[in-house]
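Read-outs: derived from the displayed coordinates by stated rules, not from any lab. Being a predicted model, the structure only gives us computed values, none of them experimental. We place every Cβ from the backbone using ideal geometry, glycine too, and count neighbours over all the protein chains shown.
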């Protein structure tokens, strides 16, 4: 008993080593936060304050940059496009990926390992190898600059991720549950929808968030496959910057607006995000 | 009794196919089809403006790339420098942060939440933030340098520094990924060998190199594979911050392929470049993953 107690008190003592660790971690945390905080700081300054040198540390925040950005008609459309593409591709990749990952996690059949490896390897493929042929094909089919093309490509990017991360959640469910449901007279479909699926609801949320963020942050496919009608927010902002190099205030505001979903998900679902962003390697 | 069993096996098969089939078809469409089409494009000469003008040239593009295209070799070299430097710094820094994080008892969750921000944030927003900070006259980084009595630096407009500046952004963005992976590895280590080593009087450094590192090799390898491959194909931050410039100073293979296809509209040549990128990725994956798989199997046998 005394050994355990000692170990515990030792752990909580503020030894110099522990203080150094905290100092180091705090510095690293500031380093991680600084660029985003600086963007926020720039977005709240007036046009003159943004260009002040030395930088003004104390100022009265203004929201004029935000209202400028949000009142540009096109901008709102870009955000709506991003929302539409993100939502559709998330739903599609969940619809395709969750059932597939259940089979890969819970059923034994020949060739399963090959499919597993194949799924993971699609995650490794350079997006540009997929983009070039699809760009040409969409051109021939006159599908460039449509939601369909963009949703399909964003699903392509997130599907492997959804299958892979979801598999971890299915593997956490004990096999006995499915067997018990089958013995009780459930069909396979019934066992999946009534018994297994409710158990992995958190997992589905986690991969859903991951798929949405993947689509929301995606740049390359959107840049090439959308020109005017379905332009997403990242591409819209990118075009904006090439025209107005020095409009740092509105630019920062646009950057902050696009970060809103990211910040919301980080504050609400950090555990799910950690698991998703590390491809299921980090479980909590 | 036989009939229901067979019925069961039958319904099981139907169930498996309906659940797995659609995803497999889509994945097939998204991998095999573009691969075959890319290979076809890469052995034909045609320009975006007129896709019907395809003319068969066999391995012509590949021969041109390997023998007559110094830009390809320069881009490849840059890509290797970028990936190798960024990932090794991320691994070292990540190890430091992860072991500090493992050694504290309170605030782990708090720090981990903060570390999520760089890797989850939209790359476009990141690229803007850094571009503003890197500005030579009005940027905050040069202001800090001035306080420290150092000369202003042309971060992304100086050809000799631009690549390093982009690597720094990559390190900022992805060190947290290494931290999370390595922390998971550290926390899953068995306690017994470490206690034994302490009893035997091993130093902290000895414990780290002889016990921690070998035990963590599988997760380190997996983290390295993901990071190396992703660093190899970074596009958004580079494209938005420098567009491959100044000159060609930050033109990685991915950016070069993109520009070839979508700016110079040499789509067949770009397809050949993309196929080469794919082959490089496959080779790197095979080398690193085979090693980790061998290790996992060996580990399972000795256990």
Of A:158-171, A:16-29, ordering from highest average Cβ density within 10 Å down gives A:158-171, A:16-29
Here, residue A:52 and residue A:80, labelled 7 Å along Cα→Cβ, have an inter-label distance in nm of 3.8
Rounded to the nearest 0.05, FRET efficiency between residue A:187 and residue A:148 (Cβ-Cβ, R0 51 Å) equals 0.90
Taking a label point 7 Å from the Cα of residue A:228 along Cα-to-Cβ, the residues of segment A:70-98 whose backbone nitrogen sits under 16 Å from it are A:73-75, A:77-78
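Enter the mean number of other protein chain beta carbons within 10 Å of the beta carbon of each residue in B:240-252, as an integer.
Whole-number average of other-chain Cβ neighbours for B:240-252 is 1.
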At R0 = 56 Å the Cβ-Cβ FRET efficiency linking residue A:108 and residue B:63, nearest 0.05, sits at 0.75
Most exposed first, judged by fewest Cβ atoms within 10 angstrom, A:231, A:271, A:113 run A:113, A:271, A:231
Label model pair residue B:99, residue B:17: point-to-point distance (7 angstrom along the Cα→beta-carbon line) in nm is 5.5
Output field shielding_mean for A:181-194 (other chain Cβ, 10 Å radius) holds 2
Ordering B:187-193, A:31-37, B:171-177 by per-residue average of other C-beta atoms within 10 angstrom, highest first, gives B:171-177, A:31-37, B:187-193
Listing A:187, B:137, B:260 by rising number of other beta-carbon atoms within 10 angstrom, fewest first, gives B:137, A:187, B:260
Expected integer from the mean partner chain Cβ neighbour count at 10 Å over A:94-104 is 5
Given a Förster distance of 41 Å, the FRET efficiency implied by the Cβ-Cβ spacing of residue A:175 and residue B:189, rounded to the nearest 0.05, works out to 0.90
If the chain between residue B:151 and residue B:202 were fully extended at 0.36 nm per residue, the gain over the current Cα-Cα distance would be 13.8 nm
Quick note on A:265, A:148, B:115, ordering by fewest other C-beta atoms within 10 Å, gives A:148, A:265, B:115
